[in-house]
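The following block contains the structure, expressed as structure tokens.
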Amino acid sequence: MYPPIQPYEVSTLKVSDIHTLYYELSGNKDGNPGGPGGGCDDQDRSFFNPHKYKIILLDQRGSGKSTPSSCLEENTTWDLVKDIEKLREHLKIEKWHVFGGSWGSTLSLAYAQSHPGRVKTLVLRGIFTLRKSELRFFYQEGASHLFPEAWDEYIAPIPEAERHDLILAYHAQLNSADEATRIKAAKAWTKWEMATSKLFVDPVYLKRAEEDEFSNAFARIENHYFVNGGFTRDGQLLEKQEIDKIRGIPTIVVQGRYDVVCPTTTAYTLKKVWPEISLEIVPDAGHSSREPGIAKLLVEATNKFADL
């Protein structure tokens with residue numbers, strides 16, 4: 001990854017009566033525009049050559065520094081797609097490179113399928129397409145077989161009688177009128193993902209789950225999207241008519257072999273319906289973009305597209 005840099009512009013964009021997005025610009029002011037992302041992190045800038053890219057990062061509605069924090073009202077996949085397009089227009093960018101991992105890969109695909117003429121290239125990691133089978137694997141049964149001790153902590157806040165649908169049960173607690181109930185559930189939900197995101201459990205990730213504000217926004221927004229099926233048809237992002245809209249966009253996918261949050265089967269399915277993409281499977285990695293093999297290939301991908 002490239003050395004850390006600071007943004008040269010930090011700003012906000014009012015996208016509705018309720019929501020205001022945080023975004024930042026770094027790298028080369030006249031460079032190739034690349035972005036966006038959901039819930040940006042300082043290290044995300046380092047995936048791009050700062051001499052060649054105008055790096056654009058944003059926090060989606062309700063997340064990160066966007067306001068109001070963890071607000072679920074007017075917060076759907078298609079609201080986020082409209083927000084990305086509003087930001088592109090606001091910044092007066094004709095076409096840009098789109099980069100996203102995990103939920104960011106979902107949003108990148110949804111945006112590209114909605115506005116294919118505005119996307120130069122796609123660099124995607126940890127493919128997630130919101131199918132019921134993907135949600136069941138991670139939040140109901142599947143990953144539980146690999147991380148049984150973390151799973152016990154995840155299901156602990158949920159009464160046994162409600163565990164037949166954990167996403168729905170968590171929805172009730174994450175939206176409880178009682179703040180203590182909400183925070184307890186948010187921390188347990190967040191810790192489950194943090195405990196499973198890397199090939200080797202990272203204590204720094206686990207510590208993040210203990211932060212009230214972070215875990216509350218992270219858990220409530222994720223659960224809100226999942227309980228609503230991502231506001232898409234099941235498998236919509238993989239449908240032929242949707243893939244046909246973006247088939248000509250140069251695309252590189254980087255996938256950890258042992259990713260249990262977004263298992264490799266989804267990236268493989270994407271490759272089968274869209275054989276034109278380049279799929280790179282990292283043999284010694286899980287879900288996180290910070291794992292060395294994944295980070296290396298993501299930087300190679302952005303380098304490859306830097307002059308397009």
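Quick note: the coordinates plus some simple rules give every number you see, no bench work behind them. Predicted model, so just to flag it, every value in this text is computed and none were measured. So basically every Cβ, Gly included, is an ideal-geometry build from the backbone, and we count neighbours across all protein chains shown.
Round to the nearest 0.05 the FRET efficiency obtained for HIS145 and ARG257 when R0 = 22 Å and r is the Cβ-Cβ distance.
E(calc), rounded to 0.05, equals 0.80.
Normalising by the residue count of the chain, find the relative contact order in percent from Cα pairs under 8 Å and 6+ residues apart.
18
Still on this structure, I have one more. What dipole magnitude, in Debye to the nearest 20, does region 132-231 give about its Cα centre under +1 on Lys/Arg Cβ and -1 on Asp/Glu Cβ?
So the dipole magnitude of region 132-231 works out to roughly 200 debye.
Let me ask something else about it. Among all the aspartates and glutamates, which ones have a C-alpha under 16 Å from LYS271's C-alpha, if same-chain residues fewer than 8 places away are not counted?
GLU239, GLU242, ASP244, GLU280
If you don't mind, another one. Aspartates and glutamates near LYS82 by alpha-carbon distance under 13 Å, same-chain residues fewer than 8 away left out - which ones?
List returned: GLU74.
VAL282's amide H: which non-local residues (gap 5+, or another chain) put their own amide H closer than 5 Å, with H modeled 1.01 Å from N in plane and none for Pro or chain starts?
GLN255, GLY256, ARG257
Related question: Calculated FRET efficiency, ALA180 and GLU211, Cβ-Cβ r, R0 25 Å, to nearest 0.05? Don't skip to the answer; put the middle values down first.
Numbers: r = 16 Å, r/R0 = 0.63.
With R0 = 25 Å, the Cβ-Cβ based efficiency is 0.95.
Kyte-Doolittle mean at least -0.5 and Cα extent at least 15 Å along the axis: which DSSP H helices of the chain qualify?
Taking the DSSP H segments of the chain (at least 15 Å long, mean hydropathy at least -0.5), we get 103-114, 212-227, 292-305.
If you take the Cα atoms of the chain, find Rg, then find the Kirkwood Rh from the mean of 1/r over all pairs, what is Rg/Rh?
On the way: Rg = 18.4 Å, Rh = 19.6 Å.
That ratio equals 0.94.
What would the Debye formula give as log10 I(q)/I(0) at q = 0.18, 0.23, 0.31, 0.35 Å⁻¹ for the alpha-carbon point model of region 41-82, no solvent?
-0.63, -0.81, -1.04, -1.18
If eta is 1.002 mPa s and T is 20 °C, what Stokes-Einstein diffusion coefficient results for region 1-142, Kirkwood Rh from Cα pairs, in µm²/s?
Translational diffusion coefficient: 138 µm²/s.
When the Kirkwood hydrodynamic radius is evaluated over all pairs of different C-alpha atoms of region 230-281, what value in angstrom, to one decimal, is obtained?
After inverting the pairwise mean of 1/r, the radius is 11.8 Å.
When the scattering of region 16-71 is computed by the Debye formula from its Cα atoms alone, each counted once and equally, what is log10 I(q)/I(0) at q = 0.14, 0.21, 0.22 Å⁻¹?
Taken in order of the listed q values, log10 I(q)/I(0) reads -0.38, -0.71, -0.75.
About the Cα centre, and with charges only on the beta carbon of Lys, Arg (+1) and Asp, Glu (-1), how big is the dipole of the chain? Nearest 20 debye, please.
I would put it at about 1040 debye.
Suppose each label sits 7 Å from its Cα in the direction of the beta carbon; what would the ASN303-ASP152 distance come out to in nanometres?
Taking the simple label geometry, ASN303 and ASP152 are separated by 4.6 nm.
Please express the Cα-Cα pair-distance distribution P(r) of region 132-231 as a list of whole percents, one per 10 Å bin, running from 0 to the bin with the greatest distance.
Cα pair-distance distribution for region 132-231, in percent: 16, 52, 30, 1.
How many angstrom lie between the C-alpha centres of region 201-215 and region 28-97?
Region 201-215 and region 28-97 have Cα centres separated by 23 Å.
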